[in-house]
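The values are calculated or read from the model by the stated rules, or taken from the named source; none is laboratory data. Note that the structure is a prediction, hence the values are computed from the model and not measured. Cβ atoms come from the backbone with ideal geometry, glycine included; neighbour counts cover every protein chain shown. These area figures cover heavy atoms from the full protein model, side chains too; ligands, DNA and RNA do not enter into them. Shrake-Rupley method; radii C 1.70, N 1.55, O 1.52, S 1.80 Å.
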Amino acid sequence: MASMATSIFLRTSSHSHSLTKTFDTHFAPSSKVTFFGGAKTRHHPGLRVSSGLIEPDGGKLVELLVNDSERDFKKGEAFSIPRIKLSRIDLEWVHVLSEGWASPLNGFMRESEFLQTLHFNSIRLNDGSLVNMSLPIVLAIDDSQKHRIGDSKKVSLFDSLGNPVAILNNIEIYKHPKEERIARTWGTTAPGLPYVEEAITKAGNWLIGGDLEVIEPIKYHDGLDHFRLSPAELRDEFTKRNADAVFAFQLRNPVHNGHALLMTDTRKRLLDMGYKNPVLLLHPLGGYTKADDVPLDWRMKQHEKVLEDGVLDPETTVVSIFPSPMHYAGPTEVQWHAKARINAGANFYIVGRDPAGMSHPVEKRDLYDADHGKKVLSMAPGLERLNILPFKVAAYDKTQGKMAFFDPSRPQDFVFISGTKMRTLARNKESPPDGFMCPGGWKVLVDYYDSLVVSTNGKVPEAVPA
């Protein structure tokens with residue numbers, strides 16, 4: 001896959017600072033970041049918007065949790081109406097919807113929203129404005145479930161343990177055009193697309209949409225729930241820190257010093273533009289990922305070591321988990337990643353080379369052009385509040401013994417280390433060049449692959465390019 005080069009996209013917010021200045025940006029970063037966790041989960045019912053931060057899509061943050069006083073009643077109601085059992089990915093989408101990441105959606109998509117998303121990557125609101133929506137957020141059911149629902153106007157959603165999770169009201173059931181959905185989301189119907197095989201191919205032939213009432217906050221009880229801050233909680237944290245700009249960085253890989261370089265440089269440039277206190281949102285993806293990606297719990301351990309080793313600074317960063325499942329749908333998906341961070345208060349978005357991409361599942365090539373993600377973000381409908389900045393590439397500079405911005409006048413001095421190469425080195429217990437990643441963070445990766453050896457009788461799965 002393409003080497004880890006990263007670019008930055010920015011768009012103007014309602015902030016008075018002008019973003020008309022242009023400046024180079026870069027990939028890979030030595031950045032200042034901090035873990036945020038431990039605070040009690042706060043419940044913010046209804047709709048809200050935090051002043052001083054970029055407005056959520058549609059102007060208000062749509063949160064779908066029922067009030068505490070209604071919780072017992074809704075649980076009882078859930079047992080009295082037709083039920084749908086949720087998969088793990090379905091539950092992750094309920095989580096996303098419940099906290100307002102997909103604002104202004106108020107539930108699983110009905111057909112009109114589904115078709116607009118599929119064909120236009122956006123949804124038109126009642127006032128005529130557009131909001132970006134590039135991925136269908138839908139719930140599939142099969143023929144037998146459709147028959148059991150009958151004429152009911154609402155259904156209840158249960159998790160795999162039989163616990164009531166939510167009620168879907170004013171439902172609409174419509175056909176699930178799987179081939180069209182896959183072709184338009186991924187640009188191919190080739191076999192081997194991870195999310196397709198996990199969540200679409202064997203799913204039902206019907207989709208059910210409606211208004212969602214989530215009975216209580218979604219928890220996974222995996223020791224990481226305190227890192228899963230909602231958009232409202234993140235907005236509160238940014239306000240508490242007096243942030244006048246928020247720049248978000250999503251990743252599904254371990255943090256290396258190239259990432260830190262980019263994040264540090266981004267903050268410096270924002271300060272040069274006149275912002276007084278830019279805050280970084282380091283936002284690892286925490287939903288479904290493909291089998292060869294480093295699991296979330298190990299990535300969070302690695303991020304903690306990066307903080308302990310002083311690569312990232314808690315004073316200028318909030319580290320939180322983004323609950324969305326991963327599609328690996330390239331330029332289509334990166335729009336969703338950017339849109340969701342707007343709802344969390346971010347007005348700057350850092351995006352990597354070939355964002356949300358993967359290798360072609362059949363042919364020996366990348367599935368997407370490495371530059372299309374950044375180009376699409378700069379033109380995407382409903383993302384006008386992001387501005388793209390030109391980027392420079394970062395790589396390992398052999399003359400300095402550290403990650404640095406690539407200098408085209410001396411290409412022989414630089415080494416590009418892709419995510420696939422990084423995973424292969426760790427799997428084989430080989431050390432990367434000094435200065436590529438902090439020692440504590442690298443040890444976590446090696447320990448992870450050692451744990452695979454134990455669990456797979458000495459055979460470690462080959463890294464799949466991504």
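Name the residue that is modelled with the lowest pLDDT, counting only residues in segment 338-381 that are part of a loop (DSSP other than H, G, I, E, B) and under 27 Å from Thr239 (Cβ atoms). Step through it out loud before you land on a result.
Step one: filter segment 338-381 for residues part of a loop (DSSP other than H, G, I, E, B), giving 344-347, 353-358, 360-365, 367-371, 380-381.
Going one step further and asking which of them are under 27 Å from Thr239 (Cβ atoms), we end up with 344-347.
Working: Ala344: 97, Gly345: 95, Ala346: 94, Asn347: 91.
In this case the residue turns out to be Asn347.
From (1) in a strand (DSSP E or B); (2) closer than 17 Å to Lys85 by Cβ, pick out the condition that doesn't hold for Val131.
Result: Val131 fails condition (2) only.
Quick one: Ser13 ticks every box in (1) open to solvent by less than 40 Å² (accessible area, probe 1.4 Å); (2) modelled with pLDDT of 95 or more except a single one, so which number is it?
Of everything listed in (1) open to solvent by less than 40 Å² (accessible area, probe 1.4 Å); (2) modelled with pLDDT of 95 or more, Ser13 misses just condition (2).
Answer yes if at least one residue in segment 62-77 is out of contact with any Lys or Arg (no Cβ under 6 Å at 6 or more places or on another chain), modelled with pLDDT of 95 or more, surrounded by fewer than 16 Cβ atoms within 10 Å (Cβ to Cβ) and more than 17 Å from Ile215 (Cα to Cα), and no otherwise. Reasoning before the result, please.
Taking segment 62-77 first, the residues out of contact with any Lys or Arg (no Cβ under 6 Å at 6 or more places or on another chain) are 62-65, 67-77.
From the residues that got through so far, the ones that are modelled with pLDDT of 95 or more too are 62-65, 67-77.
Next cut, surrounded by fewer than 16 Cβ atoms within 10 Å (Cβ to Cβ) only: 67-73, 76.
The next check asks that each one be more than 17 Å from Ile215 (Cα to Cα); those that pass are none.
No, that holds for no residue.
Consider only pairs whose beta carbons are under 9 Å apart and that are at least six residues apart or on different chains; among these, list those whose first residue lies in segment 174-193 and is closer than 24 Å to Arg365 by Cβ and open to solvent by 40 Å² or more (accessible area, probe 1.4 Å) and whose second residue is assigned to a helix (DSSP H, G or I) and of a type in the set (Gly, Ala, Ser).
Taking only residues 6 or more apart or on different chains, the pairs are Gly187/Gly330; Thr189/Ala183.
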